[in-house]
Amino acid sequence: MNRNRTENTIREPLTSDLIFKAVFGQDTEECKKALITVLNLILEREEDPITDLVYKNPFSIPEDRRQKEIIMDIRVETSAGEQIDIEMQVDISGAFADRMVLYGCKMAARGLDRGQEYVKMKKNILIAFVKGKIPSEEQNEQVHSMFTLREEKSHKKLSDILEFHFIELGKIPWREKPPEELGPLEQFGAYLLCSGDPDQQEYVEKLVQNGGEVISMTDKLLRKVSEEELIREARFDREWYEIQTEWRRSDARKEGWEEGVKDGLTQGKKEQRAAIAKKLKEKGMPVEEILEVTGLSIEELQAAAPEET
């Protein structure tokens, strides 16, 4: 079973929203210090750093670990009263930006107590790490984008009640540059991207050596989380559930769910099943189970996901 090993080092992928929350969202001093360091890096708070925060939805593994409805964002309140939501976003299909705006509005609504005056509303900051790139008509290589409420022509600020930060990991030039040539946020983003890739562990070690406190603290937590079998199983269960759900939706959109299953499992669609088999093998599912859930033969599985030599 592939556990992303380099010698004795195990690192689960931080681009998994469950692993991301397990690392930064547990209500412990170690997690809190790491998250504060990450937030100060993203928000560039050198002059006015965040020094303390309170978790509003600490990490825990639910009884049904596969539920899609599990909330994987991390909500905290700083000692200054700011409400911050930070999350790992893998799915950027559909109206991603509109979804983020809706989340931000919900944050603002939650931050206003019943009967409270509007002038006492708390600042709300939404931070989303995006595994790839956000679809946009405007092509740019800006890794970190910040959006606020401003007048279109004069750029005069309407209100500071909402602030959005998007970090597009797909724009980080980590393949072209060694760690020491990346900026601090780029180094951290490259670490998030590469941490669970067994082929990039040498690069990850260089990032740990060159990335300063934010990466060293994160790496310590990630290795600790990665050793916990319950968390590894929860990550696998969640991702497998999502694969099944998307498979059902895909077939249902084309032919209806019942016909889709029948057609998909008994009449072909080998490309779809081969792609799922490859992903399951990368996640470490035993070969016998992959063959059972996809209906592929061992020869088809080997063709779809050949053994590395």
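Values computed for the structure shown
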read-out: Pair list, Cβ under 7 Å, 6 or more apart: region 265-293 residue farther than 18 Å from ASP237 by Cα, other residue at pLDDT 70 or above and among the acidic types (Asp, Glu); value: LYS270/GLU300; ALA274/GLU300
read-out: Extreme residue, modelled with the lowest pLDDT, among residues of region 109-135 that are surrounded by 10 or more Cβ atoms within 10 Å (Cβ to Cβ) and of a type in the set (Gly, Ala, Ser); value: GLY111
read-out: Unmet criterion (only one of (1) at pLDDT 95 or above; (2) surrounded by fewer than 23 Cβ atoms within 10 Å (Cβ to Cβ)) for ASN8; value: (1)
read-out: Candidates ILE42, ILE61, filtered to the one that is out of contact with any Phe, Trp or Tyr (no Cβ under 8 Å at 6 or more places or on another chain), in contact (Cβ under 8 Å) with a residue 60 or more places away in the chain and farther than 19 Å from PRO184 by Cβ; value: ILE61
read-out: Residue tally, condition under 11 Å from the mean Cα position of the chain (by Cα) and of a type in the set (D, E, K, R), over region 9-26; value: 2
read-out: Within region 187-197, tally of residues that are touching a residue at least 40 places away in the same chain (Cβ under 8 Å), small (Gly, Ala, Ser) and part of a helix (DSSP H, G or I); value: 1
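Let's see how each residue does on (1) in a loop (DSSP other than H, G, I, E, B); (2) on the phi < 0 side of the Ramachandran plot; (3) surrounded by fewer than 16 Cβ atoms within 10 Å (Cβ to Cβ):
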residue	(1), (2), (3)
GLU137	yes, yes, yes
THR148	no, yes, yes
LEU185	no, yes, no
ASP199	no, yes, yes
GLU213	no, yes, yes
ALA234	no, yes, no
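The values are calculated or read from the model by the stated rules, or taken from the named source; none is laboratory data. Being a predicted model, the structure only gives us computed values, none of them experimental. Cβ: placed from backbone, ideal geometry, glycine included. Neighbour counts: every protein chain shown.
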